[in-house]
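The structure appears below as structure tokens.
Here, each number is a calculation from the coordinates, and none is a lab measurement. Values in this document were obtained by computation on a predicted structure and should not be read as measured data. In this analysis, Cβ positions are derived from the backbone assuming ideal geometry, glycine residues included, and neighbour counts consider all displayed protein chains.
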Amino acid sequence: MIKLSSTQKILLTAGSAVGALVNPLRGDLIATLGETTGNEALKAMHYKMKQSTEGLDVLKNKPRVTEETMDLSYLSSLPPQTFGYHYYRFMNSNQLSAKRATTKFVENDELGYVMTRYRENHDFLHTLTGAGVTVAEEVALKWYELVQTNLPMCTLSAVFGPLQLTYAERQILLRKQIPWALACGRASAFFMNIYFERYFEKDINELRRMMRISVMPKTLNE
């Protein structure tokens with residue numbers, strides 16, 4: 001972790017915010033902004049994790065989702081209805097890597113892990129919600145994450161991300177996907193309390209029911 005002075009933190013926050021406003025999908029700037037502005041939200045997330053047996057296990061064991069820890073060969077061999085196989089298929093079909101930005105500017109190591117776990121859960125959420133990797137679907141997923149975590153950086157992506165969409169995409173986002181995200185975010189279990197790695201062999205629809213999470217709509221007719 002990199003310790004910053006108050007002045008450095010202000011300058012880094014301001015620079016990241018301006019850059020992220022210009023391009024709300026710049027992952028590196030959003031990541032930095034999340035670390036410099038998310039302290040209170042991270043404390044609240046950490047507290048909620050400590051109130052859950054499973055969340056406590058995550059904090060104790062500190063599992064990581066990396067290219068080294070995710071055995072895609074094993075996941076690809078699982079039955080097609082399992083969460084693990086769906087995760088493999090999402091990552092493989094979109095040619096994605098489990099690699100995420102390194103947490104640098106959260107001074108507390110425990111909160112730093114909470115930020116890391118939040119980032120590394122992102123593709124699990126894609127898998128469970130059926131969200132693809134289009135700008136609109138990423139924005140909708142950020143709305144879900146915002147409701148669940150209250151991280152300020154989610155607000156930036158959620159509010160300014162739609163500016164890059166076409167009229168038709170904005171209509172689906174505003175009329176279907178954001179209402180879904182708000183309702184699903186309020187209804188579903190706190191995703192930071194889910195030890196996802198333990199559920200790879202579980203039927204994905206059973207896991208969805210357990211978490212009270214639904215699939216993201218993709219059209220105006222859904």
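Numbers at a glance
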item	result
Whichever lysines have a C-alpha closer than 22 Å to that of K202, once near sequence neighbours (fewer than 8 apart) are set aside	K62
Cut-off under 5 Å, modelled amide H: who pairs with T82 long-range	I204
Rule-of-thumb Rg ratio for segment 165-222 [Cα; 2.2 N^0.38 Å; N residues]	1.35
In order through segment 136-146: 3J(HN,Hα) via Karplus (6.51 cos²θ - 1.76 cosθ + 1.60), integer Hz, x for Gly, Pro	4, 5, 5, 5, 4, 5, 5, 4, 4, 5, 4
Relative contact order [Cα under 8 Å, 6+ residues apart], segment 102-174, whole percent	23
Dipole moment magnitude, nearest 20 debye, segment 103-161 about Cα centre, only Lys, Arg, Asp, Glu C-beta charged	100
Restraint check, K60/K99; K60/K176; K48/K142, Cα-Cα greater than 27 Å	K60/K176
Local electrostatic count at E222 - Lys and Arg +1, Asp and Glu -1, tallied over other residues with Cβ under 12 Å	+3
Projected-area mean, segment 122-222, by convex hull of Cα positions, square nanometres	6.2
In sequence order, calculated HN-Hα J values of segment 196-209 (Karplus, 6.51, -1.76, 1.60; Hz; x Gly/Pro)	4, 4, 7, 10, 4, 8, 8, 4, 4, 6, 5, 5, 4, 5
